[in-house]
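Any read-out appearing in this document is the output of simple, stated calculations on the displayed coordinates, not a laboratory observation. No experiment lies behind these values; they were computed from the predicted model shown. FYI the Cβ positions are ideal-geometry reconstructions off the backbone, even for glycines, and counts take in every protein chain you see.
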Amino acid sequence: MADLRVNIAALKLINPVLTASGTFGYGIEYQDFVNLSQLGGIIVKGTTLQPREGNPYPRMAETAQGMLNCVGLQNKGVNYFCDHIYPQIKDIRTNMIVNVSGNSPEDYAECAERINELDCIPAIELNISCPNVRHGGMAFGTTTDGAASVVKAVREVYSKTLIVKLSPNVTSITDIALAVQDAGADAVSLINTLMGMAIDVEKRKRVLSIGTGGLSGPCIKPVALRMVYQVAHAVRIPVIGVGGISNAKDALEFLLAGATAIEIGTANFLDPTISVKVVRGIDEYLEKYGFASVKEIIGICE
């Protein structure tokens, strides 16, 4: 077996396969399907300072080669997470990473500071790119100043590995990536969902309750791959690729483009065991072509 280990700043992964926030619950929901210790890490569902009800139903819709969602970061807040969820996941033998969102830099910082106290959470993924909430989220991720302001506020109170999730709904994603790097991010993950919409032609109305939602799935992979390639060649910090990864070949494309690790999202809904299959597929590829370590293929695309 090839050496699949990679590092995201101080975060050590046994392999480059992570599960994306919002698609894998808190990990415990998948324990009957997947040996969680075989994954590089699990990014749990979005957590905010205060509880959120999310958006009204309907908030999910199928589309060609993908899905739309406007769930809106429904969760019971960081205190509930610390008191009730953390005790259930702290002994899972992989990197448990919390996705953090907020309405203001102060919100983000307070939530991150609370999670910083949890010994068995080695990293957070800062969500400055969610397109499904009316306040915060993507509003910060679409300008360099906004993105940097959140990262700076969190960096002051958070001492562990800080990953920042970037929005594709911008003019220049490399400018945003450079801004969060300079503000103190240890890594970036990209992309979050693209803005999309569906219309019911029989009812002649928009399908999702708030009209628009985040588009994910195989249809966004070419966009995600292009952006990962651009950012990986612009920043000094590690890049985590996400967007439409459905099999080992997809994951390998992102690694070759310059991603140090990848996240699997929508594909988890179709096959709850896809993450471990991708780990095996990467290993088989490395052995087939004589690579001793996955690090040898990161960013070698000509």
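Odds and ends about this structure:
- Given charges at Cβ of Lys, Arg, Asp, Glu: the chain dipole, positive-most of Gln50, Asn95, His233: Gln50
- Antiparallel beta bridges, as assigned by DSSP with both residues in the stretch 101-211, represent about 20 percent of the total such bridges.
- The GNM of the chain, with springs linking C-alpha atoms under 10 angstrom apart, assigns the highest mean-square fluctuation among Lys205, Lys152, Lys160 to Lys205.
- Aspartates and glutamates whose Cα lies under 15 Å from that of Lys45, excluding same-chain neighbours fewer than 8 positions away: Glu29, Glu53, Glu125, Glu263
- A DSSP coil position with no more than 11 other Cβ atoms inside 10 Å describes the following chymotrypsin sites (Phe, Trp or Tyr not before Pro) in the stretch 218-302: Tyr289.
- Asp182-Ile300 FRET efficiency (beta carbon distance; Förster radius 41 Å; 0.05 resolution): 0.95
- With neighbour counts taken as other beta-carbon atoms within 10 Å, the residues Ser275, Ser209 rank, fewest first, as Ser209, Ser275.
- Diffusion constant of the chain at 4 °C, which comes from Stokes-Einstein with the Kirkwood Cα-pair radius and 1.567 mPa s, µm²/s: 68 µm²/s
- Sites listed here are trypsin sites (Lys or Arg not before Pro) in the stretch 213-302 whose DSSP assignment is loop and whose Cβ has at most 10 other Cβ atoms within 10 Å: Arg236.
- Remark on Gly27: its backbone amide H falls under 5 Å from none of the residues 5 or more positions apart or on other chains, H modelled at 1.01 Å from N.
- Mean separation of Cα contacts under 8 Å, 6 or more apart, over the residue count of the chain: relative contact order %: 21 percent
- Pairs exceeding 19 Å between alpha-carbon atoms, taken from Lys160/Lys295; Lys90/Lys277; Lys12/Lys160; Lys249/Lys277; Lys12/Lys76: Lys160/Lys295; Lys90/Lys277; Lys12/Lys76.
- Among beta bridges from DSSP that stay inside the chain, the antiparallel ones total about 35%.
- Fewest-first sequence of Arg52, Arg206 by Cβ atoms within 10 Å of each Cβ: Arg206, Arg52
- In this simple spin-label model, placing a label point 7 Å from the Cα along the Cα-to-Cβ direction at both Tyr57 and Ser37 gives a separation of 3.9 nm.
- Each label was represented as a point 7 Å from its Cα along the Cα-to-Cβ direction; for Glu156 and Leu118 these points are 2.4 nm apart.
- All other residues whose Cβ lies under 13 angstrom from that of Glu253 are scored, Lys and Arg at +1 and Asp and Glu at -1, for a net of +2.
- Expected 222 nm ellipticity per residue - DSSP helices of 4 or more, -39500 (n - 2.57), all of the chain, to 500: -8000 deg cm²/dmol
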